[in-house]
Structure formats: structure tokens, C-alpha cells
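Enquirer: Here it is: the structure, laid out below.
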Amino acid sequence: MIKTRFISHGTLGSKDLEATRRFYEEFLGLEVVRTSPVSLMIRRGGQHVYAVVLTKNKERMPRCYHNGLDLDSDADVDAAWRLCTEEAAKWGLHDITKPLERHGTYSFLFWDADDNAWEVLSNPKGGYTWIFEQGDLEGRGHFEKGFKDNRPDKRPTTEKQ
């Protein structure tokens, strides 16, 4: 077995690093540093980072490979959705879905000008660790109706850890 201690990074493609940097900083609120003439590094709220690499012939990211941006509440998700729809032309956003409840969260998806897919979701502190901590799920798993009630921020205070 590999002695893995941390999933440290992922990689995103960019068609235009300067435009991508502006979008990440001014719209998504991410921290960005330039790491080379052809790359950036981004992060927000933790130690996991993404390398962003200038990519010729960048293809559209499939929905199942999307990147999650956690917000505090469903109301924050609704506000982010309104902002995405209002500023879509400015930032090159497209295929913006309507917010809905899915896999224990409330979220919507969109694609940016680089054709990277993003999911904006309400999630408790710690992101999806609350799902991981439930162990192997049976039946429909996180697709079960009402799965959101399993979140630590949705359980009665006496059950919270």
C-alpha cells in the first residue's frame, strides 16, 4: 500500500490565465498565486490546493468531475445563484442549473469560461466529511430522500458531536 498522508491538490485547465485569475479572485473569492508563466495555484479555506494550468484545446469538464464551493446556508446558495445568472455574460458563465436539494445539500451547477464545472452548495463546516464519517451507505445512499437530515447541522443538539 502507498503510504498516502494527504490528498494535496487537483488540477484545472485555463484558456487564459489572466482572465481566469480575475474570475477566481473577484467572483469566486479564491486566493490565487502565480506559480510559473503557464500556471496558477488556488485555494480557499484549507490546505488543499488546485494547480491551474494554461491548456491549449481545453475541453469541457464533464458534470461528474465538478468542483465544489461550500457556502454556509441555502440562502447563500440562492444569493450565489442570482449573482451567477446576473453576471453570466461578464464572466462567461453558462449552463447554470437551478438550485435544488441533492445528496444531502442544496446546490446548483455552472460552467465557467474555461469550461470547468462548479457546484455551489450549502454544507456544514468540514464539507463532505459528514458523509464520509457515516461509513459505507446502503440502499440509495446519499441519494435517499431526506438524506440532508443526517447532516450534523440538521440533527438535534443532543446528537451533535
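The values are calculated or read from the model by the stated rules, or taken from the named source; none is laboratory data. Here the structure is a predicted model, which means the values were calculated and not measured. Positions of Cβ are backbone-derived with ideal geometry, glycine not excepted, and every protein chain shown enters the neighbour counts.
Enquirer: How many residues, within the stretch 92-131, are in contact with a Lys or Arg (Cβ under 9 Å, 6 or more places away or on another chain), closer than 30 Å to Glu18 by Cα and of a type in the set (A, V, I, L, M, F, W, C)?
Expert: Total meeting the criteria: 6.
Enquirer: Among Arg82, Arg22, which is more than 27 Å from Phe6 (Cβ to Cβ), outside any strand (DSSP E or B) and assigned by TED's automatic domain parsing to the domain that holds Ile7? Reasoning before the result, please.
Expert: Details: Arg82 fails: assigned by TED's automatic domain parsing to the domain that holds Ile7.
Result: Arg22 is the single residue among Arg82, Arg22 that is more than 27 Å from Phe6 (Cβ to Cβ), outside any strand (DSSP E or B) and assigned by TED's automatic domain parsing to the domain that holds Ile7.
Enquirer: Of the conditions (1) at pLDDT 95 or above; (2) surrounded by fewer than 18 Cβ atoms within 10 Å (Cβ to Cβ), Ile7 clears all except one; give me its number.
Expert: (1)
Enquirer: Among the candidates Gly146, Gly104, Gly139, Gly135, which residue alone is under 19 Å from the mean Cα position of the chain (by Cα), modelled with pLDDT under 95 and assigned by TED's automatic domain parsing to the domain that holds His66? Before the answer, list the steps.
Expert: Details: Gly146 fails: under 19 Å from the mean Cα position of the chain (by Cα); Gly139 fails: under 19 Å from the mean Cα position of the chain (by Cα); Gly135 fails: under 19 Å from the mean Cα position of the chain (by Cα).
Testing whether each residue is under 19 Å from the mean Cα position of the chain (by Cα), modelled with pLDDT under 95 and assigned by TED's automatic domain parsing to the domain that holds His66 leaves just Gly104.
Enquirer: Please identify the pairs in which a residue from the stretch 51-70 that is within 20 Å of Leu28 (Cα to Cα) and assigned to a loop (DSSP other than H, G, I, E, B) has its Cβ atom under 8 Å from the Cβ atom of a residue that is modelled with pLDDT of 95 or more and among the aromatic types (Phe, Trp, Tyr), counting only partners at least 6 apart or on another chain.
Expert: Close Cβ pairs (under 8 Å, with a partner that is modelled with pLDDT of 95 or more and among the aromatic types (Phe, Trp, Tyr)) amount to Arg60/Trp111; Met61/Trp111; His66/Trp118.
Enquirer: Could you please find all residues in the stretch 27-50 being under 14 Å from Trp118 (Cα atoms) and assigned to a strand (DSSP E or B)?
Expert: Listed by number, the list holds a single entry, Tyr50.
Enquirer: If you take the residues of the stretch 98-145 that are outside any strand (DSSP E or B) and among the small types (Gly, Ala, Ser), which of them is surrounded by the most Cβ atoms within 10 Å (Cβ to Cβ)?
Expert: Residues of the stretch 98-145 that are outside any strand (DSSP E or B), as a first pass: 98-99, 103-104, 112-116, 123-145.
Next, only the ones that are among the small types (Gly, Ala, Ser) stay: 104, 113, 126-127, 135, 139, 141.
Details: Gly104: 25, Ala113: 17, Gly126: 13, Gly127: 16, Gly135: 7, Gly139: 6, Gly141: 13.
It comes out as Gly104.
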